[in-house]
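The values are calculated or read from the model by the stated rules, or taken from the named source; none is laboratory data. Keep in mind the model is a prediction, meaning the values are calculated, not measured. Every residue, glycine as well, gets a Cβ built from its backbone with ideal geometry; the counts of neighbours run over all protein chains shown.
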Amino acid sequence: MNRKFLAGAAVLGALALVVTGCSSSSGGDGGASGDSGDGTVTVGFAQTGSESGWRSANTESMKEAFSAENGFDLIFNAADNDPAAQIAAVRDFINQGVDAIVIAPIVEDGWDDVLQEASDAGIPVVLEDRTVTSPEDLFASWVGLDFKKEGTTAGEWAAENFGDTPTKMVVLEGTTGSAPANDRAEGFDAAIKGTSIEKIDSQTGDFTRDGGKTVMEGFLQKYGLDGIDLLYAHNDDMALGAIEAIEAAGGVPGEDIKIISIDAVKDGMQALVDGKINYIVECNPLLGELAAGLVTDVLDGKDVEKKVYVEDQSFTQEQAAEVIDSRAY
Ligand code: GZL
């Protein structure tokens with residue numbers, strides 16, 4: 001997959017962007033079409049729900065970008081992590097005759113039919129954050145993060161720091177069937193292959209703090225504090241729930257059980273600074289301006305990149321202490 005950098009990506013500041021492929025625009029008639037006559041562009045946004053701090057930051061970013069002053073009428077739906085409800089929301093957008101649809105798909109599969117219906121209705125779809133397994137001609141573009149790379153980065157740090165000694169690891173997986181859960185597992189597992197890190201258990205906490213706490217309580221009952229050396233959590237919210245469970249069991253998170261997480265939201269970064277998490281890989285939620293730019297370009301009949309990747313970074317405890325006060329989320 002050839003990737004190239006988008007020059008001058010002012011919308012995300014210094015963050016480098018990489019893009020792959022190219023997509024001719026769908027919908028639109030060459031002009032700034034798609035508006036409802038008064039220049040306002042009506043966009044249906046199907047969000048996953050409100051499962052995590054990351055999701056809250058992503059929703060805020062999307063609402064700021066698709067604002068009335070920016071020429072949008074945003075119809076927002078949060079599907080409470082229910083894939084069927086999210087597909088129903090997209091179908092409702094189609095029936096309302098919106099100008100464009102943006103989706104953060106809860107899970108990868110099951111999108112072919114409703115995306116085909118949107119295409120048949122001449123309504124372009126832009127995906128943000130998570131991806132789908134549907135054919136790429138069923139959506140105009142996707143903007144988000146490289147989840148497999150995030151997992152690889154986390155796994156490489158684990159291998160470097162714990163890979164030489166027998167290490168028993170448990171995993172808090174993200175939402176079952178979601179792209180980040182699938183890809184973060186794949187990247188991490190490949191990176192620790194051949195090391196002394198042994199995955200003794202893995203279960204979904206559904207990206208929520210309560211889910212992480214409940215599953216970690218089960219792990220601790222099953223293996224005991226002394227039976228677990230390392231936790232890999234697919235997001236900060238589940239790691240923060242696990243920290244509560246570890247402390248309730250009399251353990252010291254970050255010491256008795258080392259913790260590696262992904263997102264780098266404020267609460268996660270604070271736990272990293274406090275020594276309760278050992279390493280965090282960032283997953284930037286501020287995708288609103290890029291998504292709005294893609295919608296505008298598609299409706300204006302411009303060619304858009306099929307995939308726009310936002311680069312991530314990662315943090316040790318020391319690095320987090322240096323940046324935590326200056327971060328945007
Ligand atoms: C990743 C995003 C994930 C976050 C979680 O881009 O889809 O969903 O890692 C969020 O915090 O719930």
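Observations, loosely collected:
- Count - residues of segment 201-237 that are within 14 Å of Ile257 (Cα to Cα), away from the ligand (no atom under 16 Å from the Cβ), touching a Phe, Trp or Tyr at 6+ places or on another chain (Cβ under 8 Å) and not in a loop (DSSP other than H, G, I, E, B): 1
- For segment 252-260, the condition of being closer than 16 Å to Glu173 by Cα and either aliphatic (A, V, I, L, M) or within 13 Å of the ligand (Cβ to nearest atom) (or both) holds for at least one residue.
- Only residues that are away from the ligand (no atom under 14 Å from the Cβ) and either in contact with a Pro (Cβ under 7 Å, 6 or more places away or on another chain) or of a type outside the set (Gly, Ala, Ser) (or both) were counted in segment 126-153, giving 9.
- The conditions of being surrounded by fewer than 17 Cβ atoms within 10 Å (Cβ to Cβ), under 28 Å from Val310 (Cα atoms) and at pLDDT 95 or above are not met by Gln221.
- Count - residues of segment 278-288 that are within 15 Å of the ligand (Cβ to nearest atom) and touching a Gly at 6+ places or on another chain (Cβ under 6 Å): 1
- Hey, Val308 modelled with pLDDT of 95 or more, assigned by TED's automatic domain parsing to the domain that holds Ile123, within 18 Å of the chain's Cα centre (by Cα) and under 16 Å from Trp142 (Cβ atoms) or not: yes
Yes or no, residue by residue, for (1) at positive phi; (2) touching a Lys or Arg at 6+ places or on another chain (Cβ under 9 Å); (3) of a type outside the set (A, V, I, L, M):
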| position | (1), (2), (3) |
| --- | --- |
| Asp183 | no, yes, yes |
| Ser202 | no, no, yes |
| Asp206 | yes, no, yes |
| Leu230 | no, yes, no |
| Leu240 | no, yes, no |
| Asp256 | no, no, yes |
| Ile260 | no, no, no |
| Asp274 | no, no, yes |
| Leu290 | no, no, no |
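- Candidates Ile75, Ile123, Ile106, Ile87 - the one that is under 30 Å from Asp267 (Cα atoms), in contact with a Gly (Cβ under 8 Å, 6 or more places away or on another chain), away from the ligand (no atom under 16 Å from the Cβ) and not polar (S, T, N, Q): Ile75
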